[in-house]
Number of protein chains: 2
Amino acid sequence: MIDTMPATITAAILVIGNEILSGYTKDENIEYIAKNLMERGIRLFEVRLVRDEELAIIEAVTALADRYTYVFTSGGIGSTHDDITTASIAKAFNIPIEQNVEVMRLLASYYASNGVEFNVARQKMAELPVGAKLINNPVSVAPGFIVKNVHVMPGMPDILRAMFDRLKLVLNGGPMVYSRTVSCMVGEGVIAHDLGKIQSTFPDIEIGSYPHLQETGILSTNLVLSGIDEVKLEKATEVVRKLIHSLGG
Amino acid sequence: MIDTMPATITAAILVIGNEILSGYTKDENIEYIAKNLMERGIRLFEVRLVRDEELAIIEAVTALADRYTYVFTSGGIGSTHDDITTASIAKAFNIPIEQNVEVMRLLASYYASNGVEFNVARQKMAELPVGAKLINNPVSVAPGFIVKNVHVMPGMPDILRAMFDRLKLVLNGGPMVYSRTVSCMVGEGVIAHDLGKIQSTFPDIEIGSYPHLQETGILSTNLVLSGIDEVKLEKATEVVRKLIHSLGG
C-alpha cells in the first residue's frame, strides 16, 4: 500500500517509557491519537513502544521519521533524570540543544505567578533542539515541540490531549477512508478462496477478515472493507454480501 | 541497560494487523503477554504494531529477533488473503515454506471429526517455514510456530492465551524484578535534582518518576523503584522515602 498510494498521508506513534512496557502505567495515548488522525484522513501505519534508552529512541525516531509523513511521540520530556526524549531526538537528527528563550520566558512567568521556584530542574524543560517549533500546552505551560516531521509530546494523557487537539488542526489531512463491515457466521476457511478473488477485483479496496469467538462460543467473522472511493466501496461490499448470502451465512 | 545487563532475558512483541492500527479491533494480547513475561522474569523491552505489509513485517521481525532473547508475534496466520505473516517471516529468515506433514495430519483429522471440508484455503494453515517447531493450539488445532527466537501466534485472544499459557513454561526465565512505589504530592520539579543523585548512587536500581493528575486536579508523582536485588531496592526506597519526607510530601 505504501508503494501504490504515494499520496496517502501516513503517521506513526512512538511511545517512550519504561513504565508502559513494564505494565506499571497503561497507555492511553495511542488510541486517542489514532482516532483523531483517522478523522483527518491520516492513516496510522505503525506504532512502537520503547524504553527510556537513548539508542532505542534514536533508532525508532529515525526509522519512523524517514518512512511516514508524521511521527508523534509521547513521554519522557519532564524534568527528572529519566526524561531523555528531548536529548535523544536532538541527537537522532544531529541538532544541538539550546535553552529556548521563549520557553524560558513562558515557564518563568508561569512559576512566578504560582509562587513556585523556577529551579534548574524545571529549566531542563526549556532545553530544546535549536530551531524546534513549539506545541502549545494549555494545561501546564511547558510546551511540546516539533523537529522535522516529529511531534514531541508528554506522556500525561490530559496534557497530550490538550496539545494534540490544537495540533491536529494544522496537520495536512488526507482523503477520508470509508469502511463497511459485513458480519457473518461463516468461518474464514469457507470464504477465503472467493474473498481473495474479490480482493483481486477491487485492488483499491482493502478487505480485512477478522474471525472472533462470540460469547456463546460460536466462531464468526467480520469482513471489513475500506477505501477512499465510496462508490467502489459500496460495489465491493455488495459483492461480498452476495457471497455470504450464497453461502447461507 | 541493554549494554550493562547482558544476562537479562529480554523480549519484544510484534502485533501484526491493519485492524489494530485502524482502531477497528482493540489489541488484547500485549498486556497479557507482558504480564506473563514479567512473572517469568523476562523483560519486555519493545513493542511494535505494523500493518499486514510484507516489507513492514520483514523489517520489524528481523530487527527485533536480532536484538532480543524472544520475539512474540500475534496476528495474520489464518486462511484468508490478508494473512501474510507466515510467508513474510519465512522470507525474513530466508527459509522456504513447505506443507508441514504433522499439521496436515492434525488439521485433516480435526476437520474430518467435525464434518468440515479440509479445503485448499484451510490447507494454507499447514504451510510453514521448513524446520519450524509447532506451538500447540488447544482451542482450534491450527498451531502457531517457532522459527529461531520468533514465536508466531494468531491474533484471536482466546487462542493466543491458550497457546501462550503452555509456551511460557518452556521459556528461559530471568531473575525476578521487584519494585516499590513511593507516591507523593510533590511535583517532579521539586524532587528532580535529588532524585537524580539517588539514581547515581544506586545504578542497579531503576528509578522512574511518573507524574499524574488526580481526579481532584492535584498533580502528584509516583516514584517507582525496581531491580533484581531486593536488599538494595529496599535501601534505595528508604532513601527516596526520606527525601520525600524532608520535602513535606
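With respect to A:Gly41, is the statement that it is crowded, with 23+ Cβ neighbours inside 10 Å and in contact (Cβ under 8 Å) with a residue 40 or more places away in the chain true? Judged against the criteria, A:Gly41 is not a match. For A:Thr62, the criteria (1) over 12 Å from the mean Cα position of the chain (by Cα); (2) among the hydroxyl-bearing types (Ser, Thr, Tyr); (3) within 11 Å of chain B (Cβ to nearest Cβ) hold in every case but one, which is (3). One residue stands out in segment A:119-134 among those that are surrounded by 20 or more Cβ atoms within 10 Å (Cβ to Cβ) and in contact with a helix residue (DSSP H, G or I) (Cβ under 7 Å, 6 or more places away or on another chain): the one that is nearest to B:Ile218 (Cα to Cα), namely A:Arg122.
Among the residues in segment A:179-188, are any within 12 Å of chain B (Cβ to nearest Cβ) and under 24 Å from A:Thr86 (Cα atoms)? Looking through segment A:179-188, none of the residues is within 12 Å of chain B (Cβ to nearest Cβ) and under 24 Å from A:Thr86 (Cα atoms). Hey, does segment B:206-214 have a residue that's more than 14 Å from chain A (Cβ to nearest Cβ), within 19 Å of A:Ile84 (Cβ to Cβ) and either under 28 Å from the mean Cα position of the chain (by Cα) or basic (Lys, Arg) (or both)? Looking through segment B:206-214, none of the residues is more than 14 Å from chain A (Cβ to nearest Cβ), within 19 Å of A:Ile84 (Cβ to Cβ) and either under 28 Å from the mean Cα position of the chain (by Cα) or basic (Lys, Arg) (or both). Scanning segment B:138-159 for residues that are within 23 Å of B:Glu59 (Cα to Cα) and either small (Gly, Ala, Ser) or surrounded by 16 or more Cβ atoms within 10 Å (Cβ to Cβ) (or both) gives B:Gly144, B:Phe145, B:Ile146, B:Val147, B:Lys148, B:Val150, B:His151, B:Val152, B:Met153, B:Pro154, B:Gly155. The set of residues in segment A:15-33 that are crowded, with 17+ Cβ neighbours inside 10 Å, at pLDDT below 95 and of a type in the set (Gly, Ala, Ser) contains only A:Ser22.
For segment B:16-52, a tally of residues being of a type outside the set (Ser, Thr, Tyr), over 27 Å from B:Leu169 (Cα atoms) and within 7 Å of chain A (Cβ to nearest Cβ) returns 6. The C-beta contact set for segment B:213-233 (first residue under 23 Å from A:Ser140 (Cα atoms), second residue assigned to a loop (DSSP other than H, G, I, E, B) and of a type in the set (Gly, Ala, Ser), distance under 8 angstrom, 6+ apart or interchain) comprises B:Leu219/A:Ser140; B:Leu219/B:Gly187; B:Thr221/B:Gly187. In this structure, B:Asn94 does satisfy being loosely packed, with under 14 Cβ neighbours inside 10 Å and within 19 Å of B:Glu53 (Cα to Cα). The number of residues in segment A:7-37 being touching an Asp or Glu at 6+ places or on another chain (Cβ under 6 Å) and farther than 15 Å from B:Arg48 by Cα comes to 1.
Being touching an Asp or Glu at 6+ places or on another chain (Cβ under 6 Å), among the aliphatic types (A, V, I, L, M) and over 30 Å from B:Ile20 (Cα atoms) is a property that B:Leu219 lacks.
Taking segment B:169-178 as the range and being within 9 Å of chain A (Cβ to nearest Cβ) and modelled with pLDDT of 95 or more as the test, no residue passes. Tally up the residues in segment A:94-118 that are under 30 Å from A:Thr10 (Cβ atoms), out of contact with any helix residue (DSSP H, G or I) (no Cβ under 7 Å at 6 or more places or on another chain) and either outside the structural domain of A:Gly76 (by TED's automatic domain parsing) or among the aliphatic types (A, V, I, L, M) (or both), please. Counting residues in segment A:94-118 that are under 30 Å from A:Thr10 (Cβ atoms), out of contact with any helix residue (DSSP H, G or I) (no Cβ under 7 Å at 6 or more places or on another chain) and either outside the structural domain of A:Gly76 (by TED's automatic domain parsing) or among the aliphatic types (A, V, I, L, M) (or both) gives 1.
On the phi < 0 side of the Ramachandran plot, within 16 Å of the chain's Cα centre (by Cα) and without any contact (Cβ under 8 Å) to a residue 60 or more places away in the chain, is that true of A:Met156? The answer is yes for A:Met156. A single entry from A:Ala87, A:Ala92 fulfils the requirement of being more than 11 Å from chain B (Cβ to nearest Cβ), small (Gly, Ala, Ser) and within 21 Å of the chain's Cα centre (by Cα): A:Ala92.
The values are calculated or read from the model by the stated rules, or taken from the named source; none is laboratory data. All of these numbers come straight from a predicted model, not from anything done at the bench. Neighbour counts are summed over all protein chains in view; Cβ atoms, including those assigned to glycine, are modelled from backbone coordinates with ideal geometry.
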